[in-house]
1. Using the Cβ atoms and a cut-off under 13 Å, what net charge is assigned to the surroundings of Val82, where Lys and Arg are +1 and Asp and Glu are -1?
2. Assign unit charges at the C-beta atoms only (+1 for Lys and Arg, -1 for Asp and Glu), then state the dipole size of the chain relative to its Cα centre in Debye, rounded to the nearest 20.
3. Counting only DSSP beta bridges with both residues in the chain, tell me the antiparallel percent, nearest 5.
4. Which residues' amide hydrogens lie under 5 Å from the amide hydrogen of Ser41, considering only partners 5 or more residues apart or on another chain, with H built in the peptide plane?
5. Given 20 °C and 1.002 mPa s, compute D for segment 1-44 with the Stokes-Einstein relation, Rh being the Kirkwood radius over Cα pairs; round to the nearest whole µm²/s.
6. Could you grab the Rg to Rh ratio for the chain? Cα atoms only, Kirkwood for Rh.
7. If you add up the charges near His109, with Lys and Arg at +1 and Asp and Glu at -1, over every other residue whose beta carbon is less than 9 angstrom from its beta carbon, what do you get?
8. Explain nothing, just the number: relative contact order of the chain, from Cα pairs under 8 Å at least 6 residues apart, as a whole percent.
Amino acid sequence: MRVVEVCNCCRSIFVSETSVRDLFRALDGCRRFRISVGNLSVSFVSKPKMREIHGRFLDDPSLTDVITFRGDPDFDFAGEVVVCPACALDQSRAWGTTFPNEVKLYLVHGYLHLCGLGDESEEEAREMRSAETFCLDFLKNFDLEVDLKPRIRSTHTPL
């Protein structure tokens, strides 16, 4: 069974690490798309951190929603998926989807990149959308446990 390491660097969201692990293990079980053997790393980062990673490793400091880094099976490492939950929240509001479903889409998208699918050309993007649709349908009964943490407000009234 694949080890899936989850790092949530965003204090403003709750992510069930077990839920994320289960999602990737379910995708591994789908068998239509395969990533290389080895451990998988999943990180949830802020918008500034995502810009920094995008600029540092892909020479593009613009904000993006998902970045993937292929691993090396010789080192028992399948790769890393980096997700920006704040982008997912923005898009879920813009498209009228739920925040957990948007994060699930980003995780699926990252997984498919690790499978070798691209999205640079129109043809690649069509293939990616088709694969995403297949995977999301496969996961339709899977509830990803991710949510916004409520902000604590003082309800104290001065006397």
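1. +1
2. Result for the chain is approximately 700 debye, rounded to the nearest 20.
3. Bridges in the chain that DSSP calls antiparallel: roughly 45 percent.
4. Residues meeting the amide H criterion: Glu5, Gly79, Glu80, Val81.
5. 190
6. Answer for the chain: 1.01.
7. Summing Lys and Arg as +1 and Asp and Glu as -1 gives -3.
8. Over the chain, the number comes to 26 percent.
Quick note: the coordinates plus some simple rules give every number you see, no bench work behind them. A quick note: this is a predicted structure, and the numbers were derived from the prediction, not measured. Every residue, glycine among them, receives a Cβ derived from its backbone with ideal geometry; neighbour counts consider all protein chains shown.
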